[in-house]
1. Just give me the residues in the stretch 78-103 being small (Gly, Ala, Ser) and either closer than 14 Å to Glu44 by Cα or touching a helix residue (DSSP H, G or I) at 6+ places or on another chain (Cβ under 6 Å) (or both), in sequence order.
2. Specify the residue that is surrounded by the fewest Cβ atoms within 10 Å (Cβ to Cβ); the eligible residues are those in the stretch 18-37 that are closer than 20 Å to His144 by Cα and of a type in the set (A, V, I, L, M).
3. Of all residues in the stretch 18-74, how many are aliphatic (A, V, I, L, M) and either under 17 Å from Met88 (Cβ atoms) or under 14 Å from the mean Cα position of the chain (by Cα) (or both)?
4. The conditions are (1) assigned to a loop (DSSP other than H, G, I, E, B); (2) of a type outside the set (Phe, Trp, Tyr); (3) crowded, with 19+ Cβ neighbours inside 10 Å; (4) in contact with a His (Cβ under 8 Å, 6 or more places away or on another chain), and Met88 fails exactly one of them. Which is it?
5. What residue, among those in the stretch 104-149 that are touching a helix residue (DSSP H, G or I) at 6+ places or on another chain (Cβ under 9 Å), among the small types (Gly, Ala, Ser) and under 22 Å from Gly87 (Cα atoms), is surrounded by the most Cβ atoms within 10 Å (Cβ to Cβ)?
6. Out of everything in the stretch 56-85 that is part of a loop (DSSP other than H, G, I, E, B) and β-branched (Val, Ile, Thr), what residue ends up being nearest to Asp105 (Cα to Cα)?
7. Among (1) over 17 Å from Phe119 (Cα atoms); (2) touching a Ser or Thr at 6+ places or on another chain (Cβ under 6 Å), there is one condition Ile34 misses while meeting the rest; what is its number?
8. Which of the following residues is of a type outside the set (Asp, Glu), within 26 Å of Thr129 (Cβ to Cβ), out of contact with any Gly (no Cβ under 8 Å at 6 or more places or on another chain) and modelled with pLDDT of 95 or more: Leu41, Leu24, Leu81?
Amino acid sequence: MSERRLLACFAHPDDEAFPVAGALAFHSSRGVKIRLVTTTLGEEGEIKQPGLATPETLGITRKIELAASVETLGIQEHSVLGYRDSGMAGTPPNKHPDAYINVPDEIIVERLVRHIREFRPQVILTFETGGLYGHPDHIAISRHTTQAF
């Protein structure tokens, strides 16, 4: 039997931790090789605990948290595509020229196609088409992953 592989595609650090963390940890513990692709560092996320980060350092903090999550869940490979978090729907960050939702679909899809061709997963996980709760980046990664597949 060939090596079992699962590709998880999400928009922000922590997206892998709440909808599918149990599935990722379960499959990793059973020998499935997992690659996580994250499109942004979640720079527009909410700082719920003052002193933990500032708006200027949130991306770095989220990167550290992501590394801990990857290790905890047993994810063997991880890649951050490096786009800017677009923020919640209807907020000013949506208009930032580098926001993930403003990158042409074909650019993102091609990058994901490369991951799929290189990694050759039997299973691909992402958000459902509504992005779980309508977050523009979640909707975009769902669309991009589906198109790449």
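The values are calculated or read from the model by the stated rules, or taken from the named source; none is laboratory data. This is a predicted model, so every value here is computed, not measured. Note that we place each Cβ from the backbone using ideal geometry, even for glycine, and neighbour counts take in every protein chain shown.
1. Gly82, Ser86, Gly87, Ala89, Gly90, Ala99 - these are the residues of the stretch 78-103 that are small (Gly, Ala, Ser) and either closer than 14 Å to Glu44 by Cα or touching a helix residue (DSSP H, G or I) at 6+ places or on another chain (Cβ under 6 Å) (or both).
2. Per the criteria, the residue is Val20.
3. 12
4. Checking Met88 against (1) assigned to a loop (DSSP other than H, G, I, E, B); (2) of a type outside the set (Phe, Trp, Tyr); (3) crowded, with 19+ Cβ neighbours inside 10 Å; (4) in contact with a His (Cβ under 8 Å, 6 or more places away or on another chain), the one that fails is (3).
5. My answer is Ala140.
6. Result: Ile75.
7. (1)
8. Values: Leu41 fails: out of contact with any Gly (no Cβ under 8 Å at 6 or more places or on another chain); Leu24 fails: out of contact with any Gly (no Cβ under 8 Å at 6 or more places or on another chain).
Exactly one residue qualifies, and that residue is Leu81.
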